[in-house]
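Enquirer: Okay, handing you the structure first.
The values are calculated or read from the model by the stated rules, or taken from the named source; none is laboratory data. Here the structure is a predicted model, which means the values were calculated and not measured. No Cβ is skipped: glycine too gets one built from the backbone with ideal geometry, and neighbour counts run over all protein chains shown. Please note that ligands, DNA and RNA were not included when accessible areas were found on the heavy atoms of the full protein model with its side chains. Shrake-Rupley method; radii C 1.70, N 1.55, O 1.52, S 1.80 Å.
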Amino acid sequence: MGPGEGSVFHIGRIIMTYLPRQRAFVLAGTLATLLVAAGPAAAQQQTPLPPGSPLIGQPDTQAAKKLAPVAPPPLPAAADKLPLDKLKAPKGFTIDVYASGVDNARTLRLGDKGTVFVSSRIKDKIHAIVDKDGKREIKVIASGLNRPNGIVLHKGTLYIAELSQISKIENVEDKLDNPPKPTVIFSDLPKDEAHGWKYLTIGPDEKLYFQVGAPCNICMPSERHSKIYRLNLDGSGLEVVASGIRQIVGMDWHPVSKQLYFTEHQRDWLSEDIPQDKLNRVTQPGKDNFGFPYCHQGNIPDQEFGWGRSCDEFTKPITLLGPHGAPLGMRFYTGTMFPAAYRNQIIIARHGSWNRTSKIGGDLVVVKLKPDGTFRSMEPFVTGFLQNNNYVGRPVDVLVMKDGSLLVSDDYNGAVYRVSYGAQRTAAGR
């Protein structure tokens with residue numbers, strides 16, 4: 001019996017029992033034809049998407065059906081295949097390859113001894129890039145991890161945020177050739193794959209800050225989701241810092257005010273052009289609510305959850321960063337190599353949109369602030385990852401080095417680039 005056939009025969013018996021014979025045969029035959037013809041299509045439509053799939057809520061239009069998340073190549077690109085010739089920066093800046101072959105390169109962190117640590121999201125490893133005898137070596141220092149996107153270093157200890165737990169490796173730079181298994185310090189986190197990957201930073205209060213994103217595109221989250229949390233370094237003292245966030249993959253602290261700024265992704269499938277992603281700051285720790293799921297981009301009530309609510313109830317963004325541009329890593333530029341206009345301003349990596357017919361992002365932008373920490377302007381910094389509506393690379397995170405240069409990770413190519421200014425140069429990574 002094919003899909004739906006049992007239902008056809010059952011309904012047919014009812015029709016034959018309760019209607020005059022001739023009319024019953026006509027109705028039953030017509031119904032059977034319609035149901036059997038629709039059977040395969042109905043079965044296809046009933047196949048559910050996995051929980052948290054980014055395609056849930058996708059409009060039933062031909063244009064929307066062509067959109068899907070961008071899958072990276074299966075292997076990192078070789079150094080000579082990286083798109084350096086496509087990348088552009090303002091006059092006086094130079095872009096070089098710092099390292100290649102860093103699979104799914106995501107969050108960047110710098111150790112006290114100059115080691116660059118690189119996380120991944122869809123792979124299970126943490127890498128370390130070290131300079132040895134004038135050459136760069138890439139070492140795997142942790143593996144078998146589950147979505148280890150969030151990493152941060154503090155006083156020699158590497159903290160790792162996986163999907164549902166946080167762990168640490170003490171004195172990590174002394175153990176790069178024989179690293180121990182990470183020690184778990186906190187394991188009571190949701191296991192949702194959707195927006196489950198974490199970002200990790202250390203606050204001025206020497207606490208670990210991280211987020212638990214919404215387990216969906218748009219839904220009413222549980223009490224545990226859609227929040228920024230902080231922990232003591234030993235894993236104790238969990239506290240809520242802010243609520244109403246959808247997903248964060250970049251946070252940093254203002255060098256002067258010490259306030260927390262972060263990028264935030266807004267919901268999908270409302271429109272190609274709205275809502276825009278946001279840059280936010282926490283001014284009232286423990287009280288700030290950034291609006292999810294009631295309000296998007298600070299001024300658009302959600303068509304379902306915003307009913308009866310006002311966007312004025314919630315903390316407003318510092319600025320908007322474009323629709324679906326996927327802003328990820330961000331850092332305040334605290335170096336001295338770049339011109340003075342960049343000092344204490346925010347450099348943001350926009351990973352780039354996937355659910356827009358005409359993609360945006362695939363770049364670095366500079367957000368300049370007023371002395372009071374509010375928005376002044378936003379301008380391009382490094383462009384070219386997006387070519388003819390296709391990606392040749394996708395920037396994820398940025399890191400200010402001790403010499404003032406800037407590293408940029410690219411998870412699409414498995415690479416790290418170095419942006420410098422003036423006469424300083426570096427040899428291509430190996």
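Enquirer: Of the residues that sit in the range 214-254 and are within 22 Å of ARG267 (Cα to Cα) and of a type in the set (Gly, Ala, Ser), which one is most open to solvent (accessible area, probe 1.4 Å)?
Expert: Out of the qualifying residues, it is SER222.
Enquirer: On to the next question. Identify all residues within the range 365-406 that are over 11 Å from ALA349 (Cβ atoms) and touching a Leu at 6+ places or on another chain (Cβ under 7 Å); write none if there are none.
Expert: Result: VAL367, PHE375, ARG376, GLY384, VAL400, MET401.
Enquirer: From the list SER377, SER353, SER358, pick out the single residue that is more than 24 Å from VAL152 (Cβ to Cβ), polar (S, T, N, Q) and open to solvent by less than 10 Å² (accessible area, probe 1.4 Å).
Expert: Of SER377, SER353, SER358, the one residue that is more than 24 Å from VAL152 (Cβ to Cβ), polar (S, T, N, Q) and open to solvent by less than 10 Å² (accessible area, probe 1.4 Å) is SER353.
Enquirer: Every residue in the range 149-163 that is over 18 Å from the mean Cα position of the chain (by Cα) and either in contact (Cβ under 8 Å) with a residue 60 or more places away in the chain or open to solvent by less than 70 Å² (accessible area, probe 1.4 Å) (or both), please.
Expert: LEU153, HIS154, GLY156, THR157, LEU158, TYR159
Enquirer: Can you name the condition, by its number, that ALA428 falls short on among (1) small (Gly, Ala, Ser); (2) touching a helix residue (DSSP H, G or I) at 6+ places or on another chain (Cβ under 8 Å); (3) modelled with pLDDT of 95 or more?
Expert: Failing condition for ALA428: (3).
Enquirer: To continue, here is another question. Just to be sure I understand, how many residues within the range 164-181 are in contact (Cβ under 8 Å) with a residue 24 or more places away in the chain and of a type in the set (Asp, Glu)?
Expert: Residues meeting the conditions: 2.
Enquirer: Within the range 168-208, which residues are open to solvent by 10 Å² or more (accessible area, probe 1.4 Å) and either assigned to a strand (DSSP E or B) or β-branched (Val, Ile, Thr) (or both)?
Expert: LYS168, THR183, VAL184, ILE185, PHE186, ILE202
Enquirer: In this structure, is ALA326 among the small types (Gly, Ala, Ser), open to solvent by 10 Å² or more (accessible area, probe 1.4 Å) and under 19 Å from the mean Cα position of the chain (by Cα)?
Expert: yes
Enquirer: Among the residues of the range 214-224, are any more than 20 Å from PRO50 (Cα to Cα), out of contact with any helix residue (DSSP H, G or I) (no Cβ under 6 Å at 6 or more places or on another chain) and assigned to a strand (DSSP E or B)?
Expert: No, because not a single residue in the range 214-224 is more than 20 Å from PRO50 (Cα to Cα), out of contact with any helix residue (DSSP H, G or I) (no Cβ under 6 Å at 6 or more places or on another chain) and assigned to a strand (DSSP E or B).
This table checks each residue for (1) crowded, with 18+ Cβ neighbours inside 10 Å; (2) without any contact (Cβ under 8 Å) to a residue 40 or more places away in the chain; (3) of a type in the set (D, E, K, R).
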position: ASP268; (1), (2), (3): yes, no, yes
position: SER271; (1), (2), (3): no, no, no
position: GLN276; (1), (2), (3): yes, no, no
position: LEU279; (1), (2), (3): yes, no, no
position: THR283; (1), (2), (3): no, yes, no
position: TYR294; (1), (2), (3): yes, no, no
position: GLN303; (1), (2), (3): no, yes, no
position: GLY306; (1), (2), (3): no, yes, no
position: CYS311; (1), (2), (3): no, yes, no
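Enquirer: Sticking with this one: Is it the case that the range 255-266 has a residue that's within 23 Å of PRO69 (Cα to Cα) and open to solvent by 30 Å² or more (accessible area, probe 1.4 Å)?
Expert: Checking the range 255-266: at least one residue is within 23 Å of PRO69 (Cα to Cα) and open to solvent by 30 Å² or more (accessible area, probe 1.4 Å).
Enquirer: Continuing with this model, one more query. What is the residue count in the range 270-289 for residues that are closer than 17 Å to GLY322 by Cα and more than 17 Å from the chain's Cα centre (by Cα)?
Expert: So the answer is 5.
Enquirer: Also, quick follow-up: Restricting to the range 364-374, give me the number of residues that are under 20 Å from the mean Cα position of the chain (by Cα) and either more than 24 Å from PRO69 (Cα to Cα) or open to solvent by 20 Å² or more (accessible area, probe 1.4 Å) (or both).
Expert: Looking only at that region, the number is 2.
Enquirer: May I ask you to verify whether SER7 is closer than 30 Å to HIS351 by Cα and either part of a helix (DSSP H, G or I) or at pLDDT below 95 (or both)?
Expert: Considered against the rule, which asks whether it is closer than 30 Å to HIS351 by Cα and either part of a helix (DSSP H, G or I) or at pLDDT below 95 (or both), SER7 comes out as no.
Enquirer: Further, regarding this structure: Need pairs with beta-carbon distance below 6 Å; first residue closer than 19 Å to SER119 by Cβ and within the range 182-202, second charged (D, E, K, R); sequence gap 6+ or separate chains.
Expert: THR183/LYS168; ILE185/LYS168; TRP197/ARG121; TRP197/ARG147
Enquirer: So which residues in the range 339-349 are open to solvent by 10 Å² or more (accessible area, probe 1.4 Å) and touching a residue at least 60 places away in the same chain (Cβ under 8 Å), if there are any at all?
Expert: Selection gives PRO339, ASN344.
Enquirer: Starting from the range 111-126, take each residue that is under 12 Å from GLY150 (Cα atoms) and without any contact (Cβ under 8 Å) to a residue 60 or more places away in the chain and list its partners that are open to solvent by less than 10 Å² (accessible area, probe 1.4 Å) and among the acidic types (Asp, Glu), counting only C-beta distances under 9 angstrom and pairs at least six apart or across chains.
Expert: From the range 111-126, the pairs are SER119/ASP397.
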